[in-house]
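Only one structure is covered here, and it is reproduced in the block below.
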Amino acid sequence: METHKHTRKTIVRLLESMGSAKEIQQYLKRFSQIDAKRFAVVKVGGAVLRDDLPALASSLTFLQQVGLTPIVLHGAGPQLDQELAAAGIVKQTVGGLRVTTPQALGVVRRVFQQQNLRLVDALHAMDTRAVSVAAGVFASDYLDREALGMVGKVTGIELAPIEAALRANAIPVIASLGETAEGQLLNINADVAANELVRVLQPYKIVFLTGTGGLLDAQGQVIDSINLSTEYEHLMAQPWIDGGMRLKIEQIADLLADLPLTSSVSITRPAELAKELFTHKGSGTLVRRGEKVLTFDSWDGVDQARLRGLIESSFGRALVPDYFERTQPFRVYVSENYRAAMILTHAEGTAYLDKFAVLDEAQGEGLGRAVWLVMREGNPQLFWRSRHGNNVNPFYDAECDGCLKQPRWKVYWYGIDDFRKIERCVEHCAQRVPTLLDREPSSLAQPGERVG
């Protein structure tokens, strides 16, 4: 009974740190339709096991309590450094990989087993079903026996131990140890092991749990989301991207290139895992292959039926029948699969944001932000209006240069510094005729999801 109460308190605490019940239910429904072994692979660094074990166990417990079973793979780098040093074995690396002598391999095996059981025991203490999978998943061969010693490359994945755990509704906790056909254990880099496991399982979510809680920008702030289709080249050209981060982004891009478009990589802290998985805003860095953003300066080439469907689904209202006839577009931005769009018209000598729509299924992906960034790059001035209480207003507040409250609307603008022109823009918003039938909803389609 006490354990049940403890678990219930854990769930309540996690829910309180997250978003709305609607968001959580939306994601639960989405995840529950996915085969168990395709839900999520969670890669846990050794530093997280050392520094953040209670939060890690708590977050994994929450997932099991809501009926989801992640596959967990862990490293043990810092613990290995400490134990090898204590054994008088000097650390050597070649190309970022740890040289592993036969003597060192004994330490590696012992440390991995200890760390594996620490996590399994922490989960059992919270009445969470978990199974230790210390070996047997990664079929391996020597990577470079002469240079690296007992270090393995993955030649195959054996899913039987993982599937057995999932059939028992238990979380498989996997150590990154390989095994040759002759039964010889080999040390495998945990990031490499995670990537190989992901390529075979093709999970919906890949989660890297770290102490930093995400990829950091030039100011040391967590980058909210990365849409590789539109942002990769720009991001990699930034002077503040260091070698380690560059390598991580390249690895993630390579990984996602081999996975379904729906797959994504999240980098976050253990305590924020549930928030990252179950809310539109998330908590760490979400990386997706994403969609290209198409740009038009007229309705020519735009699939009006698909665009109408996107807008009406997002707003929960029907567009006026003659919307496309009565609306003269200045620019139209549409994601290639018509899951997000922005329609700009021309008013008061500048661009006006007429519609910004994101499908429910795309919320939480950062797709709305990706379309916004493409739009902003091509439009140095913009004004728009948004109803009071709209969930996306915090994003608009951050993106605008100014804002003026009207009885029904908040009027936003950026790039406009002429006061008289701002007055005309505000007046235009007050008189503009709605193009959605009935009343417009109090909350738009939340296009600013994952923009923080």
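The values are calculated or read from the model by the stated rules, or taken from the named source; none is laboratory data. Just so it is clear, the model here is predicted, and its values are computed rather than measured. Counting neighbours? That spans all protein chains shown, and the Cβs are built from the backbone with ideal geometry, glycine included. Heads up: the accessible areas ignore ligands, DNA and RNA and are worked out on the full protein's heavy atoms, side chains in. Shrake-Rupley method; radii C 1.70, N 1.55, O 1.52, S 1.80 Å.
In the range 311-323, which residue that is more than 33 Å from the chain's Cα centre (by Cα) and closer than 20 Å to residue 300 by Cβ is least open to solvent (accessible area, probe 1.4 Å)?
Restricting to residues being more than 33 Å from the chain's Cα centre (by Cα) and closer than 20 Å to residue 300 by Cβ, the top hit is 323.
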Within the range 363-383, residues being over 20 Å from residue 225 (Cα atoms) and free of Cβ contacts under 8 Å to residues at least 40 places away in the same chain number 3
Residue check, residue 255 against (1) out of contact with any helix residue (DSSP H, G or I) (no Cβ under 9 Å at 6 or more places or on another chain); (2) more than 18 Å from residue 34 (Cβ to Cβ), all met but one. Which one? (1)
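Please return the ranges of strands (runs of 3 or more DSSP E) entirely within the range 60-147 where 2 or more residues are at pLDDT 90 or above, under 19 Å from residue 162 (Cβ atoms) and open to solvent by 30 Å² or more (accessible area, probe 1.4 Å). Walk me through it before giving the result.
On the way: elements: 71-74, 130-133, 138-142.
The qualifying strands (runs of 3 or more DSSP E) are 130-133.
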Checking residue 34 against (1) in a helix (DSSP H, G or I); (2) in contact (Cβ under 8 Å) with a residue 40 or more places away in the chain; (3) open to solvent by 10 Å² or more (accessible area, probe 1.4 Å), which test does it fail? (1)
Among the residues of the range 40-59, what is the count of those that are buried (at least 23 other Cβ atoms within 10 Å of the Cβ), more than 18 Å from residue 278 (Cβ to Cβ) and under 18 Å from the mean Cα position of the chain (by Cα)? 2
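For residues in the range 177-203 being open to solvent by less than 20 Å² (accessible area, probe 1.4 Å), assigned to a loop (DSSP other than H, G, I, E, B) and out of contact with any Gly (no Cβ under 6 Å at 6 or more places or on another chain), which is farthest from residue 120 (Cα to Cα)? Before you say what the answer is, go through the steps one by one.
The first filter runs over the range 177-203 and keeps only residues open to solvent by less than 20 Å² (accessible area, probe 1.4 Å), leaving 177-178, 180, 186-188, 190, 193-194, 197-198, 201, 203.
Filter again for assigned to a loop (DSSP other than H, G, I, E, B), leaving 180, 188, 203.
Going one step further and asking which of them are out of contact with any Gly (no Cβ under 6 Å at 6 or more places or on another chain), we end up with 180, 203.
Numbers: 180: 25, 203: 22 Å.
Residue satisfying both the conditions and the ranking: 180.
Kindly indicate whether residue 398 is of a type outside the set (Val, Ile, Thr) and farther than 19 Å from residue 369 by Cβ. Please lay out each step first, then the result.
Details: of a type outside the set (Val, Ile, Thr): yes; farther than 19 Å from residue 369 by Cβ: no.
No.
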Look at the range 324-352 and say how many of its residues are among the hydrophobic types (A, V, I, L, M, F, W, C), closer than 17 Å to residue 372 by Cα and either at pLDDT below 95 or open to solvent by 10 Å² or more (accessible area, probe 1.4 Å) (or both). 2
Near pairs, Cβ below 6 angstrom, 6+ apart or cross-chain, from the range 267-279 (over 19 Å from residue 71 (Cβ atoms)) to any residue that is open to solvent by 10 Å² or more (accessible area, probe 1.4 Å) and among the charged types (D, E, K, R): 279/23
Would you point out which residue out of 206, 174 is out of contact with any helix residue (DSSP H, G or I) (no Cβ under 7 Å at 6 or more places or on another chain), open to solvent by less than 20 Å² (accessible area, probe 1.4 Å) and β-branched (Val, Ile, Thr)? 174
Quick test of your reading of the structure: residue 302 fulfils all but one of (1) open to solvent by less than 40 Å² (accessible area, probe 1.4 Å); (2) touching a residue at least 40 places away in the same chain (Cβ under 8 Å). Name the failing condition by number. (2)
Of the residues 277, 247, 261, which single one is buried (at least 23 other Cβ atoms within 10 Å of the Cβ), out of contact with any helix residue (DSSP H, G or I) (no Cβ under 6 Å at 6 or more places or on another chain), closer than 24 Å to residue 198 by Cα and modelled with pLDDT under 90? 277
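Starting from residues that are assigned to a loop (DSSP other than H, G, I, E, B) and open to solvent by less than 30 Å² (accessible area, probe 1.4 Å), keep the ones in the range 416-436 and report whichever is farthest from residue 357 (Cα to Cα). Talk me through it step by step, then tell me what you get.
If we filter the range 416-436 for residues that are assigned to a loop (DSSP other than H, G, I, E, B), which is where we start, we get 416-418, 432-435.
Filter again for open to solvent by less than 30 Å² (accessible area, probe 1.4 Å), leaving 416, 435.
Working: 416: 24, 435: 14 Å.
Among residues in the range 416-436 that are assigned to a loop (DSSP other than H, G, I, E, B) and open to solvent by less than 30 Å² (accessible area, probe 1.4 Å), the one farthest from residue 357 (Cα to Cα) is 416.
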